[in-house]
Number of protein chains: 2
Amino acid sequence: MTVHRVPDVHHRLWTTRHTPTLEISDGDVLEFSAPEAAGGQFDDFRPGDPVPALKPELLYPMLGPVMVDGAEPGDTLELELLDFTPEGWGWTAVLPGMGLLPEDFPDPHLHRWEFPAEGDGTATADFLDVARVPVRPFLGVLACAPDTDEPLDVMPPGPFGGNIDCRDLVAGTRVFLPVQTPGGRLTLADPHAAQGDGEVCVSAIEAPLDGRLRVTLHRGRSIPTPQFRTPGPLRPGIEDAGFYATMGIGPDVRLAARDAVRYMVDHISSTYRLDPLDAYVLASVVVDLKISEAVDEPHWVVSAYLPLSVMNA
Amino acid sequence: MTVHRVPDVHHRLWTTRHTPTLEISDGDVLEFSAPEAAGGQFDDFRPGDPVPALKPELLYPMLGPVMVDGAEPGDTLELELLDFTPEGWGWTAVLPGMGLLPEDFPDPHLHRWEFPAEGDGTATADFLDVARVPVRPFLGVLACAPDTDEPLDVMPPGPFGGNIDCRDLVAGTRVFLPVQTPGGRLTLADPHAAQGDGEVCVSAIEAPLDGRLRVTLHRGRSIPTPQFRTPGPLRPGIEDAGFYATMGIGPDVRLAARDAVRYMVDHISSTYRLDPLDAYVLASVVVDLKISEAVDEPHWVVSAYLPLSVMNA
């Protein structure tokens, strides 16, 4: 077993044309520093500053591709997520036209979070004295690159994986990725310090981190999309108390999800006396979207769950 | 505070034409016996029997409507769920043309569960020696009746509530329902002993139960769809260990949910050597559908989570 440092070389599109930055063997460990998804353009923003104009060309710096010796299409790469250590700050943005409620929140907005590590290595991110969000870092983008010469944007995700933004891919979890091309072209990006299922306002706590993971190649094990196994309860310290939940109900599951979020924003802003924009940002970071039922045709029920353990009152 | 027994009179359609079966006051408690959703037609089925032909006219016997003194449209009824005691048996069916995977499982199938209460009042439902499902009973149908003269089917649910099949409405939870018509016309039905988020094969552990709940009227508090508050962690005894999860990824969130379930059925049947049909039934009862991300446009990620605590190996 060898430990490799992933070179700090970034690319921004899915394509098999990228020159590999590293070659490793089955069982090796990767160490890396993942830059946050804005590529540094929000580093200097502080509360009260005007929101800087977004530079899309800087978004989504990605690490890799890392070639795994012997990996072939039809195999599976297992990533054992060993540890993720965030720098201690992050941002959450509302970007015009994006997120689940773009008509409700049409203007750009940026929130900066500070969450220095405590003595035991854990961290908590305060939100406007109303909530305390446990930091549980993960990578929003994890994939074996798709088999495409033509460059594709980092958004959206696809069956290969990519920008899957799954909040449970924290240290301790084992992630299984389908290999798409020879060598696997493993790619890592988009670190998050915390996020709710759905990532409703379009961003998480976007936060740079240092990480380590072990790569194992399963030859001949084929999976259609990413899968993962967690070592224990999903969200300890967050799901240990009660919840408040709202619902969206109707034939269009996208609209049902939007309704559930809209009613949750109403609940948070009225209960905790927060500006609706701040409630939307908080919802993106802590509120989970669950499909309560998908079969009472033709209507779906999407529920938005607020974990009360993170709220101060 | 008065305790009322809800009369064992059943109706099967949403309409304001039903004669109320009970009138109560703010703060009163209801006691009731909720028949399972098949209306008794599967009572005599035992493993190995041919699946009886479905009699749709017997489906969904509902209790009520119960009139709450002073309730008016724009108010909210709070139900404090006090206790639910199942009889100790139930069924789960695959019904042709229904559920998330009707093409994969075109034939009717019926499974009978037995789960006698243990000494401490809890119960566990064994599934083919492969899984042990903790019984956490709830009502799939809870609503103030919609404002309609024309009769509507029990399926689907709507913004008023109805057939919402939300697995977290267990004893201890407080449910908030929007009042649609004078008196509220509170209606209760469709008891479940256990279910996963999504209820993917179209049924839960459908199981008759006795229950009690307290009704509180919030005059002038208006909510758009049902909401609820849980007293503690969502699913103790189920979510205390690890999970295995599969993903569906694409622009159609319905298809993404179907893919996630299909891959979970593959995982369960291959890992635990179960017939895919049995894996589908088990998934409906214990696997949860979460919307991992809804904003990496135009693709959604739906993840299906299997709680490993319920599996025997």
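The values are calculated or read from the model by the stated rules, or taken from the named source; none is laboratory data. All figures in this text were calculated on a predicted structure; none of them were measured in a lab. Cβ atoms come from the backbone with ideal geometry, glycine included; neighbour counts cover every protein chain shown. Remember, those area values only see protein heavy atoms, side chains included, never the ligands or the DNA or RNA. Shrake-Rupley method; radii C 1.70, N 1.55, O 1.52, S 1.80 Å.
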Qualifying residue in the range B:230-237 (condition: touching a Pro at 6+ places or on another chain (Cβ under 6 Å), at pLDDT below 95 and either in a loop (DSSP other than H, G, I, E, B) or open to solvent by 10 Å² or more (accessible area, probe 1.4 Å) (or both)): yes
Those residues that are open to solvent by 10 Å² or more (accessible area, probe 1.4 Å) and either without any contact (Cβ under 8 Å) to a residue 12 or more places away in the chain or of a type in the set (Gly, Ala, Ser) (or both), I need them from the range B:89-106; list them, please. B:Gly97, B:Pro102, B:Glu103, B:Pro106
Do you know which of the residues in the range A:248-258 that are within 22 Å of the chain's Cα centre (by Cα) and of a type in the set (D, E, K, R) is least open to solvent (accessible area, probe 1.4 Å)? A:Arg258
Mind checking which residues of the range B:7-42 are β-branched (Val, Ile, Thr) and either outside the structural domain of B:Val202 (by TED's automatic domain parsing) or closer than 27 Å to B:Ala53 by Cβ (or both)? B:Val9
Checking A:Arg235, A:Arg258, A:Arg229, A:Arg219 in turn, the sole residue that is closer than 30 Å to A:Leu79 by Cα, more than 7 Å from chain B (Cβ to nearest Cβ) and touching a strand residue (DSSP E or B) at 6+ places or on another chain (Cβ under 8 Å) turns out to be A:Arg235
Would you check if there is a residue in the range B:171-183 being of a type in the set (S, T, N, Q), in contact with a helix residue (DSSP H, G or I) (Cβ under 9 Å, 6 or more places away or on another chain) and within 20 Å of A:Ile238 (Cα to Cα)? no
Within the range B:159-187, how many residues turn out to be assigned to a loop (DSSP other than H, G, I, E, B), open to solvent by less than 20 Å² (accessible area, probe 1.4 Å) and either among the aromatic types (Phe, Trp, Tyr) or within 12 Å of chain A (Cβ to nearest Cβ) (or both)? 7
Please determine, by comparing only the residues of the range A:199-216 that are assigned to a strand (DSSP E or B) and either open to solvent by 10 Å² or more (accessible area, probe 1.4 Å) or in contact with a helix residue (DSSP H, G or I) (Cβ under 7 Å, 6 or more places away or on another chain) (or both), which one is farthest from the other protein chains (Cβ to nearest Cβ). A:Asp210
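So, in the range B:80-100, of the ones that are within 14 Å of another protein chain (Cβ to nearest Cβ) and part of a strand (DSSP E or B), which residue ends up farthest from B:Val29 (Cα to Cα)?
Across the range B:80-100, the extreme among qualifying residues is B:Val94.
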Of the numbered conditions (1) open to solvent by 10 Å² or more (accessible area, probe 1.4 Å); (2) closer than 18 Å to B:Pro146 by Cα; (3) in a strand (DSSP E or B); (4) not β-branched (Val, Ile, Thr), B:Asp190 fails exactly one; give the number of that condition. (1)
Of everything in the range A:38-86, what is within 23 Å of the chain's Cα centre (by Cα), open to solvent by 20 Å² or more (accessible area, probe 1.4 Å) and at positive phi? Give them in sequence order. A:Gly39, A:Gly40, A:Tyr60
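Determine which member of the set A:Pro102, A:Pro35 is under 18 Å from the mean Cα position of the chain (by Cα) and closer than 25 Å to A:Asp197 by Cβ.
Exactly one of A:Pro102, A:Pro35 is under 18 Å from the mean Cα position of the chain (by Cα) and closer than 25 Å to A:Asp197 by Cβ, namely A:Pro35.
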A:Pro224: in contact with a helix residue (DSSP H, G or I) (Cβ under 6 Å, 6 or more places away or on another chain) and open to solvent by 10 Å² or more (accessible area, probe 1.4 Å), yes or no? yes
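What number of residues within the range A:107-122 satisfy the criterion of being more than 19 Å from A:His192 (Cβ to Cβ) and either at pLDDT below 95 or open to solvent by 80 Å² or more (accessible area, probe 1.4 Å) (or both)?
The number of residues fulfilling the criteria is 4.
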Could you look through the range A:123-148, keep only residues that are touching a residue at least 24 places away in the same chain (Cβ under 8 Å) and among the β-branched types (Val, Ile, Thr), and pick out the one that is surrounded by the most Cβ atoms within 10 Å (Cβ to Cβ)? A:Val141
Confirm whether A:Pro151 is in contact (Cβ under 8 Å) with a residue 40 or more places away in the chain, more than 14 Å from B:Val301 (Cα to Cα), open to solvent by 30 Å² or more (accessible area, probe 1.4 Å) and not β-branched (Val, Ile, Thr). yes
Contacts under 6 angstrom Cβ, first residue in the range B:1-17 being under 14 Å from B:Asp153 (Cα atoms), partner open to solvent by less than 40 Å² (accessible area, probe 1.4 Å) and assigned to a strand (DSSP E or B), 6 or more apart: B:His11/B:Met62
Consider B:Ala294 carefully, then state whether it is open to solvent by less than 10 Å² (accessible area, probe 1.4 Å), at pLDDT below 95 and small (Gly, Ala, Ser). yes
